[in-house]
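Structure, as structure tokens:
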Amino acid sequence: MFAVLKTGGKQYRVAEGDVLRVEKLACEAGEKVQFNDVLMIGGDEVRVGSPRVDGAAVQADVIDQIRGEKLIHFVKRRRKHGSQRTKGHRQYLTLLRVTDILASGAESSGVKAAVGAGSMPRTARDSAADAVKAAPAKARTASKAAVGKASDLADDAVAAVEEANDSTSTVTKAAVAGAAAVGAAAMVGAAVAASSSGEEVGTRPSNLMDEARDGKPDDLKKISGVGPKLESNLHEHGVFHFDQIAAWGPDEIAYMDETLSFKGRIERDGWIEQAKRFAAEQE
């Protein structure tokens, strides 16, 4: 028995046990998916759909998400310009093993429908991340809390879509995810607006000093990424010792990031862990 299914704009002739590569699907390795766009069923009795065969489906196990062979696109302009351009591309694919071909009863199988990754609605998490990237540097720190809330909205939206009955239309599912995306974007926008209006980000560290203890500051250049210029800048803002940096919490880090325009350097370079280690060595 064989079937002809359609996915990703292509048609595939498959039988039980076949392994095939299709355009990337919105699924994870180990999941079981069902293709409902079956155009033909062959075997003892041939059934041709118009365009699909009612009640028929093809079920498959997802082996892995892979990428195809590398393709080279080379363009050369002769004569006046003499320019040339080389681009490479590897298509995202899903590797499947066909397990069952159903001639009828596909609606009540309870198996997740195979949906192309490109046709899935953008989640709230994607919209929030794009909004943060587009925001000014000074507003990004203030947007972190909004992104966290947006992530929760995204999870709720995805859960709602996955739990929706198969009879629910694609438009309805897209509306659920779209509503969450709008809410997430609104949260990020509010955070950006708050930062742009001049509201202070984070909390000013309470351990900032007017001068170093006994007039002997620590060698802050030991911290990765700190040079003479940055060390001088830290001194101007009241930071002279490792134990000061080691005592900062998330709010203090956000404040110093904003004040010194570090753009996340403190967390990215692990200043807190380094400062704790250097402070311990001095004891």
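Restricting attention to the stretch 1-27, the residues that are among the aliphatic types (A, V, I, L, M), in a strand (DSSP E or B) and loosely packed, with under 14 Cβ neighbours inside 10 Å add up to 2. Among the residues of the stretch 82-90, is any at pLDDT below 85, open to solvent by 80 Å² or more (accessible area, probe 1.4 Å) and more than 30 Å from residue 13 (Cα to Cα)? The answer is no, given that none of the residues of the stretch 82-90 is at pLDDT below 85, open to solvent by 80 Å² or more (accessible area, probe 1.4 Å) and more than 30 Å from residue 13 (Cα to Cα). For residue 94, the conditions (1) modelled with pLDDT of 90 or more; (2) over 17 Å from residue 28 (Cα atoms) are fulfilled apart from (2). Annotation for the stretch 32-46: at least one member residue is in a strand (DSSP E or B), open to solvent by less than 90 Å² (accessible area, probe 1.4 Å) and among the basic types (Lys, Arg).
Within the stretch 227-234, is there a residue that is under 34 Å from the mean Cα position of the chain (by Cα) and surrounded by 17 or more Cβ atoms within 10 Å (Cβ to Cβ)? Checked the stretch 227-234: no residue is under 34 Å from the mean Cα position of the chain (by Cα) and surrounded by 17 or more Cβ atoms within 10 Å (Cβ to Cβ).
The values are calculated or read from the model by the stated rules, or taken from the named source; none is laboratory data. Here the structure is a predicted model, which is why all the values come from computation and not from measurement. Methodologically, a virtual Cβ is constructed for each residue, glycine included, from the backbone with ideal geometry; neighbour enumeration extends over all protein chains shown. What goes into the accessible areas is simple: the full protein's heavy atoms, side chains included, and nothing from ligands, DNA or RNA. Shrake-Rupley method; radii C 1.70, N 1.55, O 1.52, S 1.80 Å.
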